[in-house]
1. Is it true that Gln299 is of a type outside the set (A, V, I, L, M), under 24 Å from the mean Cα position of the chain (by Cα), open to solvent by 20 Å² or more (accessible area, probe 1.4 Å) and over 27 Å from Gly85 (Cα atoms)?
2. Is it fair to say Asp199 is among the charged types (D, E, K, R), crowded, with 24+ Cβ neighbours inside 10 Å and either farther than 24 Å from Val341 by Cβ or at pLDDT 95 or above (or both)?
3. If you scan segment 42-67, which residues turn out to be assigned to a helix (DSSP H, G or I) and not polar (S, T, N, Q)?
4. Give the residues of segment 129-175 that are open to solvent by 30 Å² or more (accessible area, probe 1.4 Å) and in contact with a Cys (Cβ under 9 Å, 6 or more places away or on another chain), sorted by residue number.
5. Could you tell me whether Ala76 is in a helix (DSSP H, G or I) and touching a residue at least 60 places away in the same chain (Cβ under 8 Å)?
6. Considering each of Thr187, Thr206 in turn, give the residue that is open to solvent by less than 30 Å² (accessible area, probe 1.4 Å), in contact with a Leu (Cβ under 8 Å, 6 or more places away or on another chain) and at positive phi.
7. Whether any residue in segment 231-242 is among the small types (Gly, Ala, Ser), surrounded by 24 or more Cβ atoms within 10 Å (Cβ to Cβ), within 21 Å of Tyr110 (Cα to Cα) and in contact with a helix residue (DSSP H, G or I) (Cβ under 7 Å, 6 or more places away or on another chain) is what I want to check.
8. Please give the number of the condition Ile363 fails out of (1) open to solvent by 10 Å² or more (accessible area, probe 1.4 Å); (2) closer than 24 Å to Asn114 by Cβ; (3) among the β-branched types (Val, Ile, Thr).
Amino acid sequence: MKDAKFSTKSIWAGEKEQLAFGATQVPVVHSVSFGYDDMDEWYEVAVGNKPGHIYGRNTNPTVQAFEEKIRILENAEAATSFSTGMAAISNTLGTLLFPGDRVVSIKDTYGGTNKIFTEFLPKQQVEVVLCETGDHEALEAEVAKGCKVLYLESPTNPTVKITDIKRMAAAGKAVGATVVVDNTFATPVNQNPLDLGADLVIHSATKFLGGHADALGGAVCGRKSLVEAIYHYREINGATLDPMAAYLLLRGMKTLKLRVEQQNKNAAAIAEHLKSFDLVEEVFYPGLLSHPNHQIAKQQMKGFGGMLSFAVKGGVATVRDLLPKLQFANRAANLGSVETVVGPSRTTSHVECTPEERAAMGIPEGLIRYSAGIEDIEDLKNDLSQAFQSLHTYVKK
């Protein structure tokens with residue numbers, strides 16, 4: 001498996017050990033508990049001296065297959081899973097940070113993550129410093145003052161800003177910080193933060209990993225000692241991945257490379273297409289030469305991702321009129337699915353934030369997040385064209 005290519009790993013990794021009864025697919029094991037006739041063997045499994053399972057909140061065969069697959073795809077020593085992406089983020093930060101600690105991050109993290117930084121951690125007497133995303137000098141200066149955790153997200157949700165992970169990881173390690181990177185937007189197809197120096201990589205598996213908008217989940221991969229500590233926090237706090245969700249995520253990950261490569265192509269084409277509409281003020285996509293950190297993205301990413309966003313003239317009023325006219329897009333708070341998904345940040349990534357908070361993060365109310373699906377690109381481009389054209393017709397009336 002070590003020498004296999006990515007697509008082969010995404011299909012085979014982590015599965016053989018969990019197969020039973022001659023099945024070629026990992027079974028969904030719904031059992032809450034796992035029984036033992038031998039009391040000594042039970043004890044050895046319970047304390048971790050022998051492989052096996054004792055209780056579903058701790059481990060499960062189906063879930064274990066998912067964890068092993070994402071571990072291998074991210075080139076990690078270990079991986080553990082969670083009920084949602086936010087559970088992965090909150091459990092990781094909860095494991096690593098204590099009163100009196102200091103965490104440095106960027107202003108453009110996902111809305112739920114931002115709420116942890118601005119609302120929850122300060123209540124626990126954790127000092128939080130949020131720097132302008134892309135201002136590497138400011139980040140390095142704050143990290144140099146000392147911090148327990150350096151938390152990054154690249155590309156960011158929803159403005160797809162880029163941070164130089166290798167550069168920042170070096171800065172974090174210089175002061176002994178644990179470097180955490182949310183890799184949800186990029187996926188291991190396009191980017192491997194651990195190979196760039198990060199200690200931990202986080203995924204909302206709900207998004208691209210699953211790819212079909214039918215299962216919630218999260219994952220953390222990285223150094224074994226760190227992952228074991230996070231797993232212990234999770235097993236006690238109980239944000240366990242459901243076996244059926246794990247099965248659906250496993251199934252989705254088998255086509256991860258195929259899906260993401262098509263989404264990369266579609267997003268790049270849509271980003272260029274959007275520049276032709278006069279109602280579009282700005283397009284945000286790291287694959288565009290106009291993106292301020294295009295060169296950094298080019299260095300650390302193998303593909304620029306299936307996510308983009310764009311700001312429209314007229315703000316919320318234009319968003320309200322434009323989005324319902326799209327025929328090949330779900331208007332929903334999700335991303336990374338085989339179907340194209342669109343929505344304004346005010347009802348998706350940053351719904352928890354006030355307009356003022358969004359503005360402070362550089363997110364205009366007229367920003368539309370566009371998650372490119374795997375549809376035929378000409379259909380997606382024509383769909384946007386007819387939507388903008390009908391909007392012009394509507395305005396003229």
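The values are calculated or read from the model by the stated rules, or taken from the named source; none is laboratory data. Only a predicted model underlies this, so the values are computations on that prediction, with no experimental measurement involved. Neighbour counts run over all protein chains shown; Cβ positions are idealised from the backbone, glycine included. Side chains included, ligands, DNA and RNA excluded: accessible areas come from the protein's heavy atoms. Shrake-Rupley method; radii C 1.70, N 1.55, O 1.52, S 1.80 Å.
1. Values: of a type outside the set (A, V, I, L, M): yes; under 24 Å from the mean Cα position of the chain (by Cα): yes; open to solvent by 20 Å² or more (accessible area, probe 1.4 Å): yes; over 27 Å from Gly85 (Cα atoms): no.
Taking the combined requirement at face value, the residue does not satisfy it.
2. Values: among the charged types (D, E, K, R): yes; crowded, with 24+ Cβ neighbours inside 10 Å: no; either farther than 24 Å from Val341 by Cβ or at pLDDT 95 or above (or both): yes.
No, not satisfied.
3. Step one: of segment 42-67, the residues assigned to a helix (DSSP H, G or I) are 42-46, 61-67.
Within segment 42-67, Trp42, Tyr43, Glu44, Val45, Ala46, Pro61, Val63, Ala65, Phe66, Glu67 meet the criteria.
4. Result: Ala138, Ala141, Glu142, Val175.
5. Working: in a helix (DSSP H, G or I): no; touching a residue at least 60 places away in the same chain (Cβ under 8 Å): yes.
No, not satisfied.
6. Details: Thr206 fails: at positive phi.
After applying the criteria, what remains is Thr187.
7. The answer is no; no qualifying residue exists.
8. (1)
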